[in-house]
Amino acid sequence: MGTSVPTRRTVLKTAALMTTALAAPFVRGAHAAGKLSVGFWDHWVPGATEVLQKLCREWAEKEKVELAFDAITSNGDKIVLTIQAEAQARAGHDILHFPIWYGAGQADNLEPVDDLVAQQITQFGEPSPGCAYLGKINGHWIGVPTCYGSSALPPCARIDRFKEYVGLDVTEMYPPPGIERNQRLIDNWTWEYFLTAAEKCFKAGYPFGLTMGTATDGVNTNDSIFASHGVRLVDVEGNITVRSDGTRQMLEYFRRLSQFLPESVFAWDNASNNKFLISGQGSLIMNPPSAWAVAVRDAPKVAEHLWTFSSPLGPKGRFDSGTYSHWGIWRFAKNKSAAKSLLAFLSTRDNQEQLVTAGRGFDIPPFKTMMDFKVWEDEGPPKGTNYNFPPRGDVVVNVVGYPAPVKIGTQMYAQSTICKMIALYVRQGKSMDAAMDFAEAEIEGFMRT
């Protein structure tokens, strides 16, 4: 076979064609199936899923693709079970929603989407480190970063009860747009102060509602409290670091905190804290604005007193728990070109803002350049209630398991290792050493699997 040396002209021509191919929309042709099956998370906020479905239908109509849209709830871990079932069967949707660690756990089964993410980075800048930690595995992006389902779990508290029982005006500490923050109050908003506030509200009959069970809300919150004190269970090289003075201090902190929480918190699921706040019983939960959004609909008298703001400060920083999601394409997908086209369409700034607005500010984009969406300024009542929800200022977004290697971090999240260790000491009365022995043994088991 003969060979030829490419000229500068042919190289430039080839590069131009490749660039065009990446930017061009999917074109339905004889070799395309003409069908696309997608499975997206069914949003907590009423009406948000319908906006995503509407955008998908708009794309499908324009591109002449027959679209099957499924909204999959996270209740009962259905979306996780769907991921596992489809991976095992190597059949199912073309596109699937992967919350937090679950994309990394399926990295070998997912189509690399480096080209799509490169386009995002060109337009929006680098995504947050936590997003990259979860979505870029072995040098390749295994999912497209998205605002949809990416969120944080800072405090959402009752303005009135904090004023009356704690003596703190949270709207002065973290005010609505146009008003300068009170730095003195912010500096004093520490995890030790949090403990004092929890005690005061508990004695008043309106306790804080922190999930302490193995549901993901508890895992996310408790890990961020550990992180703010500089405590990690596994380091970046995969060494187990459970047995430390820091871990002992954290176990003791949670013992003190649990005295001022409802007894049932160790059995709560991800909906329990929301219900607790919306019912009027609670003074604070750690949650995105979904609880507020439901309260607006079902308990407006509660909603008008809710305010979301940044987490307390620890010795090593102020950490909000972050939950980044990615949209992935299975390697066994039947229509990969259409799948990439849809994800490119959904990833535009305009469409991401539509999704954040539909979720009433629940979702947080993984790109700093999108933190200026108007929804956080405009939502109410009370107006500005969600303005301080996105991580700004000195807030660091914490991802459960970081900085552990993916193989270990995935399992620590899925198995709720940190919550089980806390429960052994706080709830079951085991010694600190016994609780740490359990966590060490469980993590060692993750390394063998």
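The values are calculated or read from the model by the stated rules, or taken from the named source; none is laboratory data. The shown structure was predicted, so the numbers you read here are calculated from the model rather than taken from an experiment. Methodologically, a virtual Cβ is constructed for each residue, glycine included, from the backbone with ideal geometry; neighbour enumeration extends over all protein chains shown. What goes into the accessible areas is simple: the full protein's heavy atoms, side chains included, and nothing from ligands, DNA or RNA. Shrake-Rupley method; radii C 1.70, N 1.55, O 1.52, S 1.80 Å.
Could you order the peptides 385-398, 298-311 from most to least packed, using the average number of other C-beta atoms within 10 Å per residue? Let's see the in-between values first.
Working: 385-398: 21.4, 298-311: 19.5.
Listed from highest to lowest mean packing, they are 385-398, 298-311.
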* Asked: Which of the listed residues, Gly380, Ile364, Pro403, is farthest toward the dipole's positive end in region 333-403, when Lys, Arg count +1 and Asp, Glu count -1 at the beta-carbon?
  -> Pro403
* Can you give me the P(r) profile for the chain? Cα pairs, bins 20 angstrom wide beginning at 0, each as a whole percent. => 25, 54, 19, 2, 0
* If one computes the Cα centroid of region 335-396 and of region 32-110, what distance in Å separates the two points? -> 19 Å
* Structure fact -> Expressed per residue, the solvent accessible area of the chain in Å² (1.4 Å probe) is about 43 Å²
* Asked: What are the ³J(HN,Hα) values, in whole Hz, obtained from phi via the Karplus relation 6.51 cos²θ - 1.76 cosθ + 1.60 with θ = phi - 60°, for each residue of region 442-449 in sequence order, with x given for Gly and Pro?
  -> 5, 5, 4, x, 4, 6, 8, 8
* Asked: Per residue of the chain, what 222 nm ellipticity follows from adding -39500 (n - 2.57) for every DSSP H run with n ≥ 4, rounded to the nearest 500?
  -> -13000 deg cm²/dmol
* Structure fact -> Residue by residue through region 420-436, the couplings from Karplus 6.51 cos²θ - 1.76 cosθ + 1.60 with θ = phi - 60°, in Hz, x for Gly and Pro, are 5, 5, 4, 5, 4, 7, 7, 8, 9, x, 6, 6, 4, 4, 5, 5, 5
* Asked: Between Thr190 and residues 5 or more places away or on another chain, which pairs have amide H atoms under 5 Å apart, with H built 1.01 Å from N, and which residues are they?
  -> Leu313
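Would you please classify the overall shape of region 309-449 from the alpha carbon gyration tensor, given that a ≥ b ≥ c denote the square roots of the eigenvalues, rounded means a/c under 1.5, and beyond that prolate means a/b larger than b/c while oblate covers the rest?
It comes out oblate by the Cα gyration axes.
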* Asked: Leaving out same-chain residues fewer than 8 places away, which aspartates and glutamates sit with a Cα under 16 Å from that of Lys35?
  -> Glu58, Glu61, Glu63, Glu66, Asp70, Asp94
* Exactly which trypsin sites (Lys or Arg not before Pro) in region 97-164 are in a DSSP loop and have at most 15 other Cβ atoms within 10 Å? -> none
* State, in angstrom, two size descriptors of region 203-316 derived from its alpha carbons: Rg to one decimal place and Dmax to the nearest whole number. => 15.7, 50
* Asked: Separation between the Lys316 and Lys64 pseudo-spin-labels, each 7 Å from Cα along Cα→Cβ, expressed in nm?
  -> 5.7 nm
* Pull up all non-local amide H partners of Glu66: gap of 5 or more, or a different chain, and H-to-H distance under 5 Å with H placed in the peptide plane. => Lys35, Leu36
* **Distant-in-sequence amide H partners of Leu110 (H built 1.01 Å from N, under 5 Å)** => Arg331
* To do: Provide the solvent-accessible area of Ser337, counting protein heavy atoms only and rolling a 1.4 Å probe, rounded to the nearest 10 Å².
  => 70 Å²
* Asked: Picking from Pro207, Pro154, Pro46, which is most flexible by a Gaussian network model of the chain using Cα springs under 10 Å?
  -> Pro46
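Share of the chain's accessible area from carbon and sulfur, percent, 1.4 Å? List each step's numbers first, then the result.
Details: 10000 of 19240 Å².
That fraction is 52 percent.
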* To do: Pop out the ³J(HN,Hα) list for region 157-162 in order, Karplus 6.51 cos²θ - 1.76 cosθ + 1.60 with θ = phi - 60°, rounded to Hz; leave Gly and Pro as x.
  => 10, 7, 4, 5, 6, 5
* Asked: Can you give the direction-averaged projected area of the convex hull of the alpha-carbon atoms in region 113-181, in nm²?
  -> 7.1 nm²
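Kirkwood hydrodynamic radius, computed over distinct alpha-carbon pairs, for region 71-142: how many Å, to one decimal?
Working: mean 1/r = 0.0754 Å⁻¹.
By the Kirkwood definition, the hydrodynamic radius is 13.3 Å.
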